[in-house]
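Derivation of every value follows stated rules applied to the coordinates shown; laboratory data play no part. Because the structure is predicted, anything quoted here is derived from the model rather than measured. Neighbour counts are summed over all protein chains in view; Cβ atoms, including those assigned to glycine, are modelled from backbone coordinates with ideal geometry.
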Amino acid sequence: MTPGHIAGNPAKLTAQQRELIELAGTLGREKFAPRAAQIDRDAVFPFDNYADMRAAGLLKICVPREHGGLGADFATYVMVAAEIGRYCGATALTWNMHVCSAMWAGFIADALDMTAEQRADHERCRAIHFRRVVEEGKVYAQPFSEGGSAAAGKSPWGTVAQRVDGGYLVSGRKIFASLSGAADYYGVLCTLDKPGATMRDSLYLAVPSDAEGVTVSGAWDPLGMRGTVSRNLDFKSVFVPDEARMIPEGLYFQAASRFPHMFATLSPTYMGLAQAAYDFTVSYLRGEMPGTPPVKRRMYPTKQVATAEMRIKLEQTRAIFLQNARDAQVDPDRDTRMRLYAAHYSIMENSNDIARLAIRTCGGQSMLKTLPLERIYRDSRCGSLMLPWTAELCVDRLGRECLYEPGERDEEIVA
Ligand SMILES: Cc1cc2nc3c(=O)[nH]c(=O)nc-3n(C[C@H](O)[C@H](O)[C@H](O)COP(=O)(O)OP(=O)(O)OC[C@H]3O[C@@H](n4cnc5c(N)ncnc54)[C@H](O)[C@@H]3O)c2cc1C
């Protein structure tokens, strides 16, 4: 039985979307899926997959066309990411970190308010970053987590950038930095070092991985997403030139406030994992899973009910995923913003739930390490832990926005 299309009905897609999803599917089936078990077992970065994506042009997917990229929009990117996630979660998730650097500097920055001077400066800086990706195939990472409340969007970054002649000196520590030791540039979120700095003074700087003062430390031996190799990064007075700015000073805060879909790019990977868990179940119950005896289990009514429940959950997840993909824009209205939290929460939580149902439905032999399902299950567990929008924080934000108008406060209760 041929597995379904990640976007449901491909007839509704643009020609570019259809082509890129097909390209990602071919790479995923033929290259990424066969390598995924080893990458997971050894917790190593998927360098070979990156070489394939580079050759296929996927590293420049969100670089604007006028800079030599594929110029994909938000909806196109998330559908392609989900397709890759079907075959290797760690590849899709790390690719997200890389693609976001071009997306943030590209169409998201285009949608923001800038002075003419800022716009000119941004054009000059981003041309350098885009050229590295397009002409040299360089890879960017996106370390922002620090272990405090900054990655949750609640306080300024502890990593600081001190302005010096011709650039900045970056100092601080990032944790869970996917692509550590693998990326060519770390897109570091940090705070401009000045008295009374706030979240409005955030900076997004590309630090070369081989710059003096950059070190990778710590181990990476997690439950799932083992191929992301998300170790610690230390920056000790690392000099970067002015051109390291990936968006102008002060503009990250505007982007985070006005283009919230920029944080919803982690979930497509988990949409792909949900689809993979469902595809596995169908294939396994039909006795068609490679590496298992051709024993059919589909005739048991309980299996049919369980598979139907999985399909219903999968379609609910896909529906909100696609709606969200098409909703992305600057200054979304309140309902769109709330649907975005609901989408992100649903994809992350349902992905793990569908993988759980898959193991329960298929049974003990399905979770052997010789098969992909147990890896899908472990990988899917990681989604709702990822900041800034963990499942808890989505619920927090959504609950508040459901019940309060912007700026509205409760009267103080006098005892
Ligand atoms: C596979 C994987 C890859 C990752 N890759 C990257 C990466 O490339 N770059 C990167 O920057 N990070 C990355 N992360 C890190 C991720 O985003 C989190 O920062 C990380 O999981 C640490 O989270 P924590 O649960 O320890 O955070 P904690 O700060 O300890 O938070 C624990 C929980 O408390 C809640 N919480 C946290 N702060 C608040 C608050 N202020 N108010 C209310 N509730 C709060 C949240 O629900 C959170 O889940 C990755 C994580 C994983 C699992």
Original post:
So what is Rg over Rh here for region 10-138, counting just Cα atoms and using Kirkwood for Rh?
Top reply: 1.01
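Please give the net charge around Tyr87, taking every other residue with its beta carbon less than 14 angstrom from that of Tyr87, where Lys and Arg add +1 and Asp and Glu add -1. Don't skip to the end; give the middle numbers.
On the way: positive: Arg29, Lys31, Arg35, Arg86, Arg375; negative: Glu22, Glu30, Asp40, Asp48, Asp52, Glu83, Asp279, Asp379.
My count for the surroundings of Tyr87 gives -3.
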Original post:
Hey, how many Å between the Cα centroid of region 37-52 and the Cα centroid of region 285-334?
Top reply: 26
Original post:
What is the chain's relative contact order, in percent, from Cα pairs under 8 angstrom and six or more apart in sequence?
Top reply: 17
Original post:
Relative contact order for region 259-403 using alpha-carbon pairs under 8 Å, separation at least 6, rounded to a whole percent?
Top reply: 33
Original post:
Got a sec? Charge dipole of region 141-252, +1 on Cβ for Lys and Arg, -1 for Asp and Glu; which of Phe144, Pro222, Leu189 is way out at the positive end?
Top reply: Pro222
Subject >> Over 29 Å between alpha carbons, listed pairs Lys154/Lys313; Lys31/Lys154; Lys31/Lys138; Lys12/Lys296; Lys154/Lys236 >> reply: Lys154/Lys313; Lys31/Lys154; Lys12/Lys296
Original post:
Which loop-located chymotrypsin sites (Phe, Trp or Tyr not before Pro) does region 330-407 contain, where loop means any DSSP state but H, G, I, E or B and the Cβ has at most 11 other Cβ atoms within 10 Å?
Top reply: Tyr404
Original post:
If the cut-off is a Cα-Cα distance under 18 Å, which aspartates and glutamates reach Lys194, setting aside same-chain residues fewer than 8 apart in sequence?
Top reply: Asp165, Asp242, Glu249
**OP:** Report the local net charge at Arg378: Lys and Arg +1, Asp and Glu -1, summed over other residues whose C-beta lies under 13 Å from its C-beta.
**Re:** +2
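What is the fewest-to-most order of Glu411, Glu83, Glu249, Glu315 by other Cβ atoms lying within 10 Å of their Cβ? List each step's numbers first, then the result.
Details: Glu411 5, Glu83 27, Glu249 19, Glu315 13.
So the residues, fewest neighbours to most, are Glu411, Glu315, Glu249, Glu83.
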Subject >> DSSP H segments from the chain that extend 30 Å or more along their own axis, Cα-based, with Kyte-Doolittle mean of -1.0 or above >> reply: 301-327, 334-362
**OP:** Return the Cα extents of region 317-413 along principal axes one, two and three, sorted largest first, each rounded to a whole Å.
**Re:** 57, 36, 21
**OP:** Return the whole-Å distance between the Cα centroid of region 6-29 and the Cα centroid of region 371-415.
**Re:** 30
**OP:** Give, in whole angstrom and from largest to smallest, the semi-axes √(5λ) of the equivalent ellipsoid of region 141-252, with λ running over the eigenvalues of the Cα gyration tensor.
**Re:** 23, 16, 11
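Counting only other residues whose beta carbon sits under 15 Å from that of Tyr50, what net charge do I get with K and R as +1, D and E as -1?
Values: positive: Lys31, Arg35, Arg54, Lys60, Arg132, Lys138; negative: Asp48, Asp52, Glu136, Asp184.
Here the count lands on +2.
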Subject >> Two-site FRET efficiency, Glu66 against Thr215, from Cβ-Cβ distance with R₀ of 35 Å, rounded to 0.05 >> reply: 0.40
**OP:** Sorted from largest down, give the three principal axis spans of the alpha carbons of the chain, whole angstrom values.
**Re:** 71, 61, 42
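Please work out how much length the chain gains when fully extended from Arg124 to Met338, using 0.36 nm per residue of separation minus the C-alpha to C-alpha distance, in nm with one decimal. Walk me through the numbers before you get to the answer.
Values: separation 214, 0.36 × 214 = 77.04 nm, distance 3.56 nm.
Roughly 73.5 nm would be gained on extension.
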Original post:
If you place +1 on the Cβ of every Lys and Arg and -1 on the Cβ of every Asp and Glu, how big does the dipole about the Cα centre of region 10-138 come out, in debye to the nearest 20?
Top reply: 240
Subject >> Extension gain (nm, one decimal) between Ile312 and Cys402, 0.36 nm per residue minus Cα-Cα >> reply: 29.8 nm
Subject >> Listed residues Met97, Met289, Met348, most fluctuating in the chain (Gaussian network, C-alpha, under 10 Å) >> reply: Met289
Subject >> Size of electric dipole in the chain: Cβ of Lys, Arg +1 and of Asp, Glu -1, about Cα centre, debye, nearest 20 >> reply: 1660
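Which value at 222 nm does the chain reach when only helices count, each DSSP H run of 4 or more adding -39,500 (n - 2.57), with the total divided by all residues and rounded to the nearest 500 deg cm²/dmol?
The helix-only estimate for the chain comes to -15000 deg cm²/dmol at 222 nm.
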